[in-house]
Amino acid sequence: MTHSSDPPSNRTTERLRDPEEVFAADPGWLSALERTDLLAGPVAAALRELPQVELAHQARVVPIDPAFSDTDALNARYHLDPRATGNCVLVSGKRQGEERFAACVVRATDLADVNHVVKRRLDVRKASFLPVERATDLSGMAYGGITPVGLPGQWRLLIDAAVAARPSVLIGSGLRGSKLLVPGQLLAALPGAEVVEGLGVPTT
């Protein structure tokens, strides 16, 4: 039981909930492979083609209010533990006229270390976040729903080690009206995925 005399930080921590539990009863988790109508086309295709079939079958999807599709909005609405939710950000940089892309997946508690870790991985002089319009056009996904599952195969896919180690992580589905819940191992098993220590930098 939380008392008004408890420090604010303690009260906040006690209210945080795991997404797997929050959405278990209402509306309830569904098999992502069986409900591909709740996934963007590239996401559904990537799950079907994942060589680790047992991991693909662990992917679950849940409908949500599109108004809360952005990670921070969803976490605030349902008091979700941000360590259990993942952000996927798209980054690009140029090297000798060639544009290089990377998708970075970090916990919602963290920011992707674009200026150091990502820049070195891409081997570019400067790495920058993709503007919204380019991010949606190139990924084929809706803003607020961009996910590492189903991105173009030639892109670098960087998964923070803390995300890969989680038994489950809430990520986008490619659409604003649903979310995916997958094992961290599934993200690490995506074609070309690289598990990177220190990719995510804590915001506090």
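Enumerate the aspartates and glutamates that residue 179 could reach by cross-link, defined here as Cα to Cα under 13 Å, with residues fewer than 8 away along the same chain left out.
By straight Cα distance, residue 179 reaches 20, 37, 65, 70.
Report the convex hull volume per residue for the stretch 57-100, counting only C-alpha atoms, in Å³.
It is 146 Å³ per residue.
Sequence gap at least 6, Cα distance under 8 Å: using those rules, report the relative contact order of the chain to the nearest whole percent.
Relative contact order for the chain comes out at 25 percent.
What size of dipole, in debye to the nearest 20, comes out for the stretch 63-127 about its Cα centre when the only charges are +1 on Lys and Arg C-beta atoms and -1 on Asp and Glu C-beta atoms?
460 debye
Between the stretch 41-100 and the stretch 159-173, what is the C-alpha centre distance in whole Å?
Spelled out, the Cα-based centre of one part sits 9 Å from the other.
Among the aspartates and glutamates, select those whose C-alpha is under 16 Å from the C-alpha of residue 126, and discard any that sit fewer than 8 residues away in the same chain.
Counting by Cα, and skipping residues close in sequence, residue 126 has these aspartates and glutamates nearby: 98, 99, 113.
Provide the packing ranking of 102-115, 60-73, 181-194, i.e. peptides ordered by the mean count of other C-beta atoms within 10 Å per residue, highest first.
Result, highest mean first: 102-115, 181-194, 60-73.
Given H placed on each backbone N at 1.01 Å, which residues far from residue 179 in sequence or on other chains put an amide H within less than 5 Å of it?
Here the answer is 62, 64, since their amide H atoms fall under 5 Å of that of residue 179.
Laboratory data are not the source of any read-out in this text; all were calculated from the coordinates shown. The shown structure was predicted, so the numbers you read here are calculated from the model rather than taken from an experiment. A quick note on method: Cβ atoms are made from the backbone with ideal geometry, for glycine too, and the neighbour counts reach across all protein chains shown.
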